[in-house]
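The structure appears below as structure tokens.
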Amino acid sequence: MRVPWKDRLLLLLVPPLIAGTFGVPVSAPASAAERLDFQRDVRPVLAQFCFRCHGPDAEHRAGELRLDDRVSATAPRAAGPAIVPGQPDDSVLIHRIMAADEAQRMPPPDSRLVLGPQERATLRRWIAEGAEYQPPWSLVPPRAAVWPAVRHTSWPRGPLDGFVLARLEQLGETPSPEASRETLLRRAALDLSGLPPTLDQLDDGLADPSVDAYERAVDRLLASPSFGERQAVEWLDAARYADTNGYFGDHPRTAWLWRDWVIAACNHNLPFDEFTIRQLAGDLLPQPSVADRIATGFHRNQMANNETGIIDEEYRVEYVADRVRTLGMAWMGLTLECSRCQLAPSLKETKMPVSVPTKSSPATVASSRITRLTSFCGKLASMRCQLAP
Ligand code: HEC
């Protein structure tokens, strides 16, 4: 009996199909049928052409108009609101970007910023669609997607197939025939272990006569140590892991104990909350084990400079900034790069939460690390929201 392999594919097939076969960039602009997405389609236009004078920076704000903030952008003004949601023809913003009179045109010609027809059309359409602002993706709680309607209703064997088919139908394409078992085993091995299948793995998968042969092959891959190694790669990248110090000479460092901790955590399915506590502050757990302490190696992944003659304080600050940035990106999906300059005064008031673990750092600093980290991250996130509506 032929095994219905396709219905076991779902998860493994979707990313390559979306990224590869369709050849459509992930951030393709909205088609005529879709609504514009503020972060993807509109914010880049406002940021490039307007925020310099109508953005969060109060010092350089012109005409007391903020276009990064919906309340300000839609507020009543002498000449009428800059934006009247749903009514582009009544919005001063549209009059000003379309103005033939140079003295009226936005951006002002002497700024040397020139808004093209495409960008004008985007702003007009966005206002017509209701001028909604959305926060950055990482601050939006995830919601279950609505399954798309498809014509060829008998083809999908699971929910994800529906998304693949809907896109294919949109492009006027039909699904390819089912791939061979060898191909499916190869894809599963590459996805789950990062490696092509060994000959033994292929032989085992091909020789298995059971109906759930594919699931069994996947289970074997999930149980192999390579699975944790493959999963850990993403986290090691986010944490900026390396086996050398970077900078001058780029000498080796011994950080593989932390790397192996992450791999083991993946292989043992450690829940993400427990993983997070140990990465951030395993040493502060009651009676921390050696492994708990090793987990905090997350904080030691920044580059380290041991060049003779460097100014220690300069690099201490550099390391703290690196770690704040890394922490923001790894856990909050926020780069926090802006905090270095624009938010410097606020940051000075906000103590850096994680002291650089030098031999001299007092134990008392460590004892409040978790509390301070939490409030610090909250503060940074809210500062960042003010900048990025
Ligand atoms: C280089 C600075 C600069 C840039 C860039 C700029 N503006 Fe302006 N904008 C001004 C100044 C100055 C005023 C106030 C004087 C005026 O009304 O011409 C103004 C006024 C406005 C007003 C009228 C406010 C009112 O109530 O009278 C609107 C609407 C406007 N800008 C929209 C935009 C949009 C949209 C962009 C981007 C596409 C933009 N501006 C880019 C400097 C700028």
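Bear in mind that the values in this text are calculations on the coordinates, not laboratory data. The structure presented is a predicted model; accordingly, all values stated were derived computationally and were not measured. When we count neighbours, we look across all protein chains shown, and the Cβ atoms used for this are built from the backbone with ideal geometry, even at glycine.
For each of Glu307, Glu132, Glu119, count neighbouring Cβ atoms within 10 Å of the residue's Cβ, then give the residues from fewest to most.
Listing Glu307, Glu132, Glu119 from fewest to most nearby Cβ atoms yields Glu307, Glu132, Glu119.
Figure the gain on full extension for Gln87 and Asp101 (residue separation times 0.36 nm, minus the Cα-Cα span) and round it to one decimal in nm.
Full extension of this stretch gives 2.8 nm more.
What's log10 of I(q)/I(0) for the stretch 38-139 at q = 0.20 Å⁻¹, Debye sum over Cα points only, no solvent?
Values, matching the q order: -1.07.
For Glu34 and Ala291, what is the calculated FRET efficiency with R₀ set at 45 Å and r taken between the beta-carbons, to the nearest 0.05?
Given R0 = 45 Å and the Cβ-Cβ separation, E is 0.40.
Given 10 Å bins starting at zero, what is the percent of C-alpha pairs of the stretch 134-224 in each, up to the one with the largest pair distance?
Once binned at 10 Å, the Cα pair distances of the stretch 134-224 give 13, 31, 29, 23, 4, 0.
What's the FRET efficiency of Ser180 with Ala238 using the Cβ-Cβ distance as r and R₀ = 45 Å, to the nearest 0.05?
0.80
In whole Å, what is the distance between the alpha-carbon centres of the stretch 88-105 and the stretch 35-65?
16 Å
Would you mind getting me the FRET efficiency between Glu59 and Leu113? Use the beta-carbon distance for r and R0 = 22 Å, nearest 0.05.
In this case the efficiency is close to 0.70.
So what are the three principal axis dimensions of the stretch 181-223 from its Cα atoms, in whole Å, longest to shortest?
The Cα atoms of the stretch 181-223 stretch 26, 18, 15 Å along the principal axes, largest first.
Would you calculate the separation in nanometres between label points at Asp203 and Arg70, each defined as 7 Å from the Cα along the Cα-to-beta-carbon direction?
Placing both labels 7 Å beyond Cα along the Cβ direction yields 6.3 nm.
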